[in-house]
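See below for the structure under consideration.
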Amino acid sequence: MKILFKKADIILILFFCLLCAALLIPRYSGSGNMTAVIYESGKITHRIDLSKVSESYTIKLANAPASTVEVEHNGIRYLTASCPDKLCVKAGLLTHRGDTAACLPQKTVIVIEGGSKDEKTPDVITY
Amino acid sequence: MGDDALRASRKPNNRTAAALICGAMAVLICFLAYDALANRQEFSQSDIAMGTVISQQLTGPDTEATADKIIGKIKEIEKDSLSWRIKGSEIYNINLHAGKAVKISAETAGWLKKSLEVCKNSGGALDITVGKLTALWGIGTESARLPKQAEIDGLLGGVGYEKVKIAGNDVKIADGQSLDMGSVGKGIACDEAFKILEAKKTKSAVISVGGSILLYGEKKEVNVGIRNPRGGENDYMGILSLKNCCVSTSGDYEKFIIVNGKKYHHILNPKTGYPSDSGLMSVTVVCQSGLLSDALSTACFVLGYEKSLPLLKEYNAEAVFITNSSSVYVTDGLAGKFKLSNTADYKLEATD
């Protein structure tokens, strides 16, 4: 019986199929590890994979008025701030995708990206 | 037909079939590569403007430049047009020259006209001429205080949207009046972001201007959490599943002062000069325009649940109301799109 493809053709086709699958990965893959992104004056200054933090540590943010950020396993917060209302510190520990805290006078924002996403978690919060 | 003839007729067929399959796969790979690259161009940015956090999540071509353009535009309209605090802005100049006509840009004149229309249609529940009262209370600033009744009475006479006159791009407010665009500014920013996203052919975007949200070009619905009025900053009480619209919320929790154990929030009732007390903790409005969703959320917060319904209908807008007794009312157009998450503290009420 005649066959349509030779062995080499099949290998080539399988290669193309794998290539297709690889190209689809970025589209359908999960959101990655839970990552804290710190913006200072609109620019990213720190990107921290919170799932890989084993011991907590602090970071000083340079913009005035100064603040300190505490990074821990799966969480991040403004620990101290020299701004008047300290709303950034009051925002508390950020632990979920989309959680945000900001220090308006200092022009800094901390956002959590990645992490688990399902129908029950918001992509954005109106307030 | 002999064997040779059969072989000869099969060979080209085999080649044609193989060529067709390879061609189809090449097309598929090109499509997937394009699709993957287009989707991979995701960009997120957070910055501070208009005294609040601006967060952007964009997908499509040239997303970083688009996000930069949007934040640039928002800062520009704050500085050049809408801020009553920044010296030299158009609103600052109108307030400075109260009683005289001031020429402004067609863009700002358009925003003023639209805002004044909501002031009129809400019967003054929204009134952009409360600027002097806003400054007197100073809620959200370091100089926030509980004013004396005489101080409030002295400024109430200046409140009245109907005294604002617009002729072409000339705007005149009455003596003693002062404009405050705080109830529409974030929504205007969403509308301007929409124009840039359209021009830049952005695939999809979720833009939050201090909690006023623009959902753009999404194929799938986006989960918009409604802030829990009695929870923390990132705490939500329910989720709206929405796409291609604007969402704004007004609540009593965002900016306030506590004097002698009593809370005074920042949304003033233009008729009394005091923080609105219509029985609501918050109202979230959904419609097609940012300016309108922002303006209507303030108007509805002042009007209260029942009185807001005709106004929402007039603008083809929908809303979620949270009352002081933790009851949640959802208008018909959002039925099936809202899910209460915090069932321990809130109760979803049936609406007729």
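Please give the per residue volume of the convex hull enclosing the alpha carbon atoms of region B:100-216, rounded to a whole number of Å³.
Here the figure is 132 Å³ per residue.
Read phi for every residue in region B:78-85 and hand back ³J(HN,Hα) as whole Hz from Karplus 6.51 cos²θ - 1.76 cosθ + 1.60, θ = phi - 60°, with x for Gly and Pro.
5, 6, 8, 10, 8, 6, 8, 8
Using a basic spin-label model with each label point 7 Å from the Cα along Cα→Cβ, how many nm lie between B:S327 and A:Y57?
Computed distance between label sites B:S327 and A:Y57 equals 5.5 nm.
Which residues' amide hydrogens lie under 5 Å from the amide hydrogen of B:F256, considering only partners 5 or more residues apart or on another chain, with H built in the peptide plane?
Result for B:F256 returns B:G140.
Computed from the mean reciprocal separation of all distinct C-alpha pairs, what Kirkwood hydrodynamic radius does the protein assembly as shown have, in Å?
24.9 Å
Expected output is a single nm value to one decimal: the length gained when fully extending between B:E314 and B:L28, i.e. 0.36 nm times separation in residues minus the C-alpha distance. What is it?
98.1 nm
Do the sum for the protein assembly as shown: with -39,500 (n - 2.57) for every DSSP H run of n ≥ 4, divided by all residues, what is the mean residue ellipticity at 222 nm, to the nearest 500 deg cm²/dmol?
-10500 deg cm²/dmol
Kindly write out, for region B:278-288 in residue order, the coupling ³J(HN,Hα) from the Karplus curve 6.51 cos²θ - 1.76 cosθ + 1.60 (θ = phi - 60°), rounded to whole Hz, with x marking Gly and Pro.
Along region B:278-288, the couplings run 9, x, 10, 8, 6, 9, 10, 10, 10, 7, 8 Hz.
What percent of all Cα-Cα pairs in chain B falls into each 10 Å bin, going from 0 up to the bin containing the maximum distance?
With a bin width of 10 Å, the distribution comes to 5, 22, 29, 21, 9, 4, 3, 3, 2, 1, 0, 0.
Spelling out what I want: for every residue of region A:111-117, take phi, set θ = phi - 60°, compute 6.51 cos²θ - 1.76 cosθ + 1.60 (Karplus), and round to whole Hz; glycine and proline get x.
Calculated HN-Hα couplings, in order: 10, 9, 10, x, x, 5, 9 Hz.
Under the rule of at least 5 residues apart or a separate chain, name every residue whose amide H is placed under 5 Å from the amide H of B:C245.
The answer is B:L215.
Counting every Cα pair in chain A, what percent are over 24 Å apart?
So the pairs more than 24 Å apart make up 44 percent of the total in chain A.
Over what distance in Å are the Cα centres of region B:301-343 and region A:88-118 separated?
Centre-to-centre (Cα) distance: 28 Å.
Could you check the spin-label model distance between B:Q41 and B:I21? Points 7 Å from the Cα along Cα→Cβ, value in nm.
Those two pseudo-labels are separated by 3.5 nm.
Got a sec? Charge dipole of region B:60-172, +1 on Cβ for Lys and Arg, -1 for Asp and Glu; which of B:L136, B:L156, B:N93 is way out at the positive end?
Going by the charge dipole, the pick is B:L156.
For chain B, modelled as a GNM with alpha-carbon contacts under 10 angstrom, which of B:A299, B:A319, B:A144 fluctuates the most?
The residue with the greatest mean-square fluctuation here is B:A144.
Could you list, bin by bin from short to long, the percent of Cα-Cα pairs of region B:220-348 in 5 Å steps?
Result, from short to long distances: 2, 11, 22, 24, 21, 13, 5, 2, 0, 0 percent.
How do B:F301, B:F43, A:F15, A:F5 rank when sorted from fewest to most other Cβ atoms within 10 Å of their own Cβ?
So the residues, fewest neighbours to most, are A:F15, A:F5, B:F43, B:F301.
If you take the charge dipole of region A:35-113 about its Cα centre, with +1 on Lys and Arg Cβ and -1 on Asp and Glu Cβ, which of A:L94, A:Q106, A:I59 is farthest toward its positive end?
A:Q106
If you count the DSSP beta bridges with both ends in region B:220-348, what percent of them are antiparallel, to the nearest 5?
Here the antiparallel bridges make up roughly 95 percent for region B:220-348.
Taking K and R as +1 and D and E as -1, what net charge do the other residues with C-beta under 14 Å from the C-beta of A:T80 add up to?
Net charge in that neighbourhood comes out at +2.
Among B:K163/B:K307; A:K120/B:K186; A:K107/B:K69; A:K117/B:K75; B:K120/B:K163, which pairs are too far apart, with a Cα-Cα distance over 22 Å?
B:K163/B:K307; A:K120/B:K186; A:K117/B:K75
Just to confirm a number: summing +1 for Lys and Arg and -1 for Asp and Glu over residues other than B:E142 whose beta-carbon lies under 14 angstrom from that of B:E142, what do you get?
Surrounding charge for B:E142 is +3.
With springs only between Cα atoms under 10 Å, which of A:E72, A:E55, A:E40 fluctuates most in a Gaussian network model of chain A?
In this elastic network of chain A, the residue with the biggest mean-square fluctuation among A:E72, A:E55, A:E40 is A:E55.
How high is the relative contact order of chain B, in percent, counting Cα pairs under 8 Å that sit 6 or more residues apart?
It comes to 15 percent, rounded to a whole number.
Once a ≥ b ≥ c are taken as the square roots of the eigenvalues of the Cα gyration tensor of region B:98-144, is the result rounded (a/c under 1.5), prolate (a/b larger than b/c) or oblate (a/b not larger than b/c)?
Taking the square roots of the gyration eigenvalues as a ≥ b ≥ c, region B:98-144 is oblate.
In nm, to one decimal, how far is the modelled label at B:A335 from the one at B:K165, with both set 7 Å along Cα→Cβ?
Each label point is offset 7 Å from its Cα along the Cβ direction, giving 4.9 nm.
We did not get these values from a lab; they are worked out from the coordinates using the rules stated. Owing to the predicted nature of the structure, the values given are computational and were not obtained by experimental measurement. Every residue, glycine among them, receives a Cβ derived from its backbone with ideal geometry; neighbour counts consider all protein chains shown.
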